[in-house]
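Each remark here refers to the structure printed beneath this line.
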Amino acid sequence: MRFDQADPVIERWGRLNTVPWCHAYRGEEVRSADFTLSDGTFAQPWLEPQEDGSIAVCAWDRRARKHNEIASWTNLESALDRALVVIRSWSPRVDA
């Protein structure tokens, strides 16, 4: 998976939303971030490039709540905004 096309978008979006993105996990290239919700629950958004050229914007609370949206590279920022709204709806306050 290559994230070169997403990096400028997620870095800009991350600065605007105070979201630091991780670029590697256990030796694998990833794009994910971690939030701690006000009730102590962790939430994680991440990206999954798809074979057809689109990208999945995913999030979960590491329990039961999940969000998945297939986006194009051109509307990635809007999809990230929607994922953040969903994450924030899981708890009254998000500390990123």
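The values are calculated or read from the model by the stated rules, or taken from the named source; none is laboratory data. Everything numeric in this text was worked out from a predicted model, so none of it was measured. All Cβ positions, glycine included, derive from the backbone under ideal geometry; neighbour counts span all protein chains shown.
Data overview
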| item | result |
| --- | --- |
| Subset of segment 10-19 (residues that are within 15 Å of Gln44 (Cβ to Cβ), in contact (Cβ under 8 Å) with a residue 40 or more places away in the chain and not hydrophobic (A, V, I, L, M, F, W, C)) | Asn17 |
| Test: residue in segment 20-34 that is over 22 Å from Asn75 (Cα atoms) and of a type in the set (Ser, Thr, Tyr) | yes |
| Residue check, Gln44 part of a loop (DSSP other than H, G, I, E, B) and among the polar types (S, T, N, Q) | no |
| Set Arg31, Arg2, Arg62: member being basic (Lys, Arg), under 21 Å from Trp90 (Cβ atoms) and assigned to a loop (DSSP other than H, G, I, E, B) | Arg62 |
| Qualifying residue in segment 25-47 (condition: basic (Lys, Arg) and buried (at least 16 other Cβ atoms within 10 Å of the Cβ)) | yes |
| Residue pairs meeting the criteria (Cβ under 8 Å; at least 6 apart or on separate chains; first surrounded by 14 or more Cβ atoms within 10 Å (Cβ to Cβ), in segment 78-91; second at pLDDT 90 or above and basic (Lys, Arg)) | Trp90/Arg65 |
| Looking only at segment 1-22, and only at residues there that are of a type outside the set (A, V, I, L, M, F, W, C) and over 18 Å from Asp34 (Cα atoms), the one that is surrounded by the fewest Cβ atoms within 10 Å (Cβ to Cβ) | Asp4 |
| Residue match in segment 66-86 (condition: in contact with a Phe, Trp or Tyr (Cβ under 7 Å, 6 or more places away or on another chain), among the charged types (D, E, K, R) and either at pLDDT 90 or above or over 22 Å from Phe3 (Cβ atoms) (or both)) | yes |
